[in-house]
1. Can you find, within the range 147-168, the residue that is modelled with the highest pLDDT among those that are exposed (fewer than 15 other Cβ atoms within 10 Å of the Cβ) and assigned to a loop (DSSP other than H, G, I, E, B)?
2. Output the number of residues of the range 231-252 satisfying the condition of being crowded, with 19+ Cβ neighbours inside 10 Å and modelled with pLDDT under 80.
3. Consider residue 258 carefully, then state whether it is outside any helix (DSSP H, G or I) and touching a helix residue (DSSP H, G or I) at 6+ places or on another chain (Cβ under 7 Å).
4. Name the one entry in 2, 6, 11 that is over 30 Å from residue 289 (Cβ atoms), surrounded by 15 or more Cβ atoms within 10 Å (Cβ to Cβ) and either at pLDDT 80 or above or more than 18 Å from the chain's Cα centre (by Cα) (or both).
5. If you check 298, 284, which single one turns out to be touching a helix residue (DSSP H, G or I) at 6+ places or on another chain (Cβ under 7 Å), assigned to a helix (DSSP H, G or I), modelled with pLDDT of 90 or more and surrounded by 16 or more Cβ atoms within 10 Å (Cβ to Cβ)?
6. Please count how many residues of the range 88-146 are more than 26 Å from residue 168 (Cβ to Cβ) and not in a helix (DSSP H, G or I).
7. Which of the following residues is within 27 Å of residue 288 (Cβ to Cβ) and touching a helix residue (DSSP H, G or I) at 6+ places or on another chain (Cβ under 6 Å): 168, 175?
8. Just checking, does the range 268-278 include any residue being at pLDDT 85 or above, touching a helix residue (DSSP H, G or I) at 6+ places or on another chain (Cβ under 8 Å) and crowded, with 20+ Cβ neighbours inside 10 Å?
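The values are calculated or read from the model by the stated rules, or taken from the named source; none is laboratory data. Note that the structure is predicted; figures quoted are calculated from it, not measured. Here Cβ is always computed from backbone atoms with ideal geometry, including for glycine, and neighbour counts include all displayed protein chains.
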């Protein structure tokens, strides 16, 4: 192989074969796809149901009703306002997954940029960026998210979303989670770049006079695709869990827009009522959250095996 050529890319058919051969990816991805499709397809119904506060005669008597098979929308029971808990869980799943994906995208973009810059430049640039990462690691992320909300939510709602507090809260939440979740990604990418920049094809690219942006995009980034995909997949459940925890504490998404964490928070006290427990209000949101997080971790672990070069080396 010529010295100025990057390592040969893994054939696409080989990657597909390994993806389809991973039981964790098939099982986790299948369950995740079912939850995602159910949340998206039912949005016309769940959005309409979620924005309506039922105080009419039809549903005033259905407040906190247990699960029933008489009507499909009551299969998970009803909440404190007589709304379908099934619809609320599906809408909450769409919101939680959207926040997780958006926060993970922000985390990946920022972490990849900082990690590539620190690893390629080295010297004082690497020292400053990595010490900044160390300092941010020592700060509690809940405090940072709360500070983001206090500082930016009101101005964003006033000047950008024309007083819409819900939209501002949603944007601030996934932006804040993404901006505090990139630290691990930056360290992983930096370590990979440190090992790649000493390779002959990087030295040849420098000798050829290629710009740093060209080297980043054409030579470093393709060789970082595997680790980036794996850690991006593992960042999504972390972001969903952080959002659920924040919503559970009451500093996340505002009502009436639900998330799994907010639904679990609403159902906690009714479920713990020893006289008349409404267990379904806590069970179903928490179960869906646990299944989704487990499926995402299955997919992430499967992708780690697929893109791990040691896995193939062990077979030879």
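1. So the residue we want is 160.
2. 1
3. Criteria met by residue 258.
4. 6
5. Criteria check complete, one pass: 284.
6. Counting residues in the range 88-146 that are more than 26 Å from residue 168 (Cβ to Cβ) and not in a helix (DSSP H, G or I) gives 2.
7. Step by step, each of 168, 175 is checked, and only 168 is within 27 Å of residue 288 (Cβ to Cβ) and touching a helix residue (DSSP H, G or I) at 6+ places or on another chain (Cβ under 6 Å).
8. Scanning the range 268-278 turns up at least one residue that is at pLDDT 85 or above, touching a helix residue (DSSP H, G or I) at 6+ places or on another chain (Cβ under 8 Å) and crowded, with 20+ Cβ neighbours inside 10 Å.
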